[in-house]
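Notes for the one structure printed next.
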2 protein chains.
Amino acid sequence: MKIIVIGATGTIGKEIVRNMEERHAVIKVGNKQGDFQVDIKSSQSIAKLFDTVGKVDAIISVCGNLHFGPLHEMTADDFNIGLQDKLLGQVNLALVGQHYLNNGGSITLSSGIVSTQPIVGGANATCVNAAIEGFVLGASIELKNNQRINAVCPSVVTESLSTYGPFFPGYESVSVTRVAKAYQRSIEGPLNGEIFKVW
Amino acid sequence: MKIIVIGATGTIGKEIVRNMEERHAVIKVGNKQGDFQVDIKSSQSIAKLFDTVGKVDAIISVCGNLHFGPLHEMTADDFNIGLQDKLLGQVNLALVGQHYLNNGGSITLSSGIVSTQPIVGGANATCVNAAIEGFVLGASIELKNNQRINAVCPSVVTESLSTYGPFFPGYESVSVTRVAKAYQRSIEGPLNGEIFKVW
C-alpha cells in the first residue's frame, strides 16, 4: 500500500513510519521536516499536498495543536486554537483526503485519552479529542467506495513522560510501539468508525 | 433563582422558560427576540450581555447552528460553521458566564442524540455535539465556588418532527416537556459533568 503519514516526524509518527515501512511505501509529511510539508490549518496547503502526492491507500494523521490552561482564564481565542488546529486540521485532512483515497482505502485520525478522562487545564483537549471521535463516527457512515475512517486514542506515551508526565498523575503510560500497532490495526484491519483505545 | 436562558425563543427554549418561570426569575435571550439579544459567535456580544444582566444563578444555553450536508461535498468552511456557532458559541457562553455565576450556580449546555447516533449528512453535527459533551466533562473538574456544568442531549423533539423528522428515520421523538425536565434536573439537582440524555 501507498500510505501518507501526516505528523511523521513526531514521537508517535516516527514509530508509525517504522512499523508501516516494514510492509508498505510510506510518504512522510511534517510541518517543517519530512518528504513534504503541510500546514494543516490551511485548506490550500492540504490541497497542494494531495495534488502533489496523488492517490493513496491510507491516510494517517497524527498531528495538531491544542490549548492547555486553567478554565478560569480561558478565552474564546485560546479555545479556538484547538478547534482550528488539531480538530479542523485533522477533519480537513479527511475531507480533502477522501477524494485522493483509492477504493477500500482508510483514514486514521488521532484523539487521546483525555477525550473521556479529563486532566486539569485540559478543557480544550477533552473537547477536541471528543470532537475528533465524533467526527469519525459521523463520517464513517458516509464514506464511498468502501473507504473507512477510524481514530486511535492513546494514553500518554512512555517516550514523552519527561514532558507530559506531570499532567497525567497515575495514568499508565503506553509505549509508542503499542500505539503504532493500533494504527496498523486501523489500516490493515476491516473496521470502520472505530476508536482504537490504547491504554 | 435568577436564570438566564440563551435561546429562549426556540421550540425547546420556550418550554424551558415555561417550566422555569413556575419557580424562578427567568431572563429570556434570543438572537433577535427576547428580553435581550446576543450573537453567540461574538465574544463582545456575550460580554455585553452578561455585563448588562449581571450575576445569575444558572445559565442555560439552548442555541447554535450546525452545517448539514453530504460528507463527499463538505469543505473546511462548511465544517467551521458548527465549530464557530453551536460549539464555540456555547463554550464561550460558559467561559464568559463562569465569571458571572453566583456560588453554587450552574451552566447547562445543549448537545443532541447525533453525538452518539449519527445521521446521514450529519458529520458536522455528530462532531459538534460530541465536542460539547467533551467540553462539559473537561470543564466540570475545574469550575470554582461549587459551580457545576452539564449538558442535555435530546432526541429529535416531537414538536419539530414536521421539519426534522425525515432526517431521523425510526428515531423515537421526545416531547419538549420531557426535554425541559432534563434542564430542570441539571439546574435544581446536584450533578456535575453529567450528560442528561432524553430519549
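Tell me, please, whether a residue that is open to solvent by 10 Å² or more (accessible area, probe 1.4 Å) and not in a helix (DSSP H, G or I) can be found in region B:173-187. Scanning region B:173-187 turns up at least one residue that is open to solvent by 10 Å² or more (accessible area, probe 1.4 Å) and not in a helix (DSSP H, G or I).
Considering region A:67-152, the qualifying helices (runs of 4 or more DSSP H), each wholly inside and each with 2 or more residues that are without any contact (Cβ under 8 Å) to a residue 40 or more places away in the chain and under 15 Å from B:THR126 (Cα atoms), run over A:123-140.
None of A:SER106, A:SER110, A:SER140 is of a type in the set (Ser, Thr, Tyr), under 29 Å from B:GLY193 (Cα atoms), open to solvent by less than 30 Å² (accessible area, probe 1.4 Å) and within 15 Å of the chain's Cα centre (by Cα) except A:SER110. Condition check for A:VAL53 on (1) in contact with a helix residue (DSSP H, G or I) (Cβ under 7 Å, 6 or more places away or on another chain); (2) open to solvent by less than 20 Å² (accessible area, probe 1.4 Å): one failure, at (1). Restricting region A:3-32 to residues that are among the small types (Gly, Ala, Ser) and within 20 Å of A:ALA151 (Cβ to Cβ), the residue that is most open to solvent (accessible area, probe 1.4 Å) is A:GLY10. In the set (1) closer than 18 Å to B:HIS72 by Cα; (2) β-branched (Val, Ile, Thr); (3) out of contact with any strand residue (DSSP E or B) (no Cβ under 7 Å at 6 or more places or on another chain); (4) more than 7 Å from every other protein chain (Cβ to nearest Cβ), A:VAL114 fails one condition alone, (1). The number of residues in region B:143-172 being closer than 30 Å to A:VAL114 by Cα and buried (at least 19 other Cβ atoms within 10 Å of the Cβ) comes to 11. Here B:GLY89 does not fit the description of being buried (at least 23 other Cβ atoms within 10 Å of the Cβ), more than 8 Å from chain A (Cβ to nearest Cβ) and over 14 Å from the mean Cα position of the chain (by Cα).
Taken over region B:1-53, residues that are assigned to a strand (DSSP E or B) and on the phi > 0 side of the Ramachandran plot amount to 1. Every listed requirement among (1) away from chain B (no Cβ under 11 Å); (2) within 19 Å of B:ASP77 (Cβ to Cβ) is met by A:VAL96 save one, (1).
Residues in region B:131-149 that are within 19 Å of B:VAL179 (Cβ to Cβ) and facing another protein chain (nearest Cβ under 7 Å): B:GLU133 alone. Residues in region A:62-84 that are charged (D, E, K, R) and either more than 14 Å from chain B (Cβ to nearest Cβ) or open to solvent by less than 50 Å² (accessible area, probe 1.4 Å) (or both): A:ASP78 only.
Would you point out the residue of region B:38-61, among those that are more than 21 Å from B:SER186 (Cα to Cα) and among the basic types (Lys, Arg), that is farthest from the other protein chains (Cβ to nearest Cβ)? Of everything passing the filter in region B:38-61, B:LYS48 is farthest from the other protein chains (Cβ to nearest Cβ). Evaluation of A:ILE195 against the conditions (1) within 13 Å of chain B (Cβ to nearest Cβ); (2) farther than 24 Å from A:LYS14 by Cα; (3) surrounded by fewer than 24 Cβ atoms within 10 Å (Cβ to Cβ) shows that the sole unmet condition is (2). Scanning region B:62-85 for any residue that is within 23 Å of B:ALA180 (Cβ to Cβ) and among the polar types (S, T, N, Q) turns up at least one such residue.
The values are calculated or read from the model by the stated rules, or taken from the named source; none is laboratory data. Computed from a prediction, not measured in an experiment: that's the story for all the values here. Please note: Cβ atoms are built from the backbone with ideal geometry, for glycine as well, and neighbour counts cover all protein chains shown. Each accessible area value is taken on the protein alone, full model and side chains, heavy atoms only, with ligands, DNA and RNA left out. Shrake-Rupley method; radii C 1.70, N 1.55, O 1.52, S 1.80 Å.
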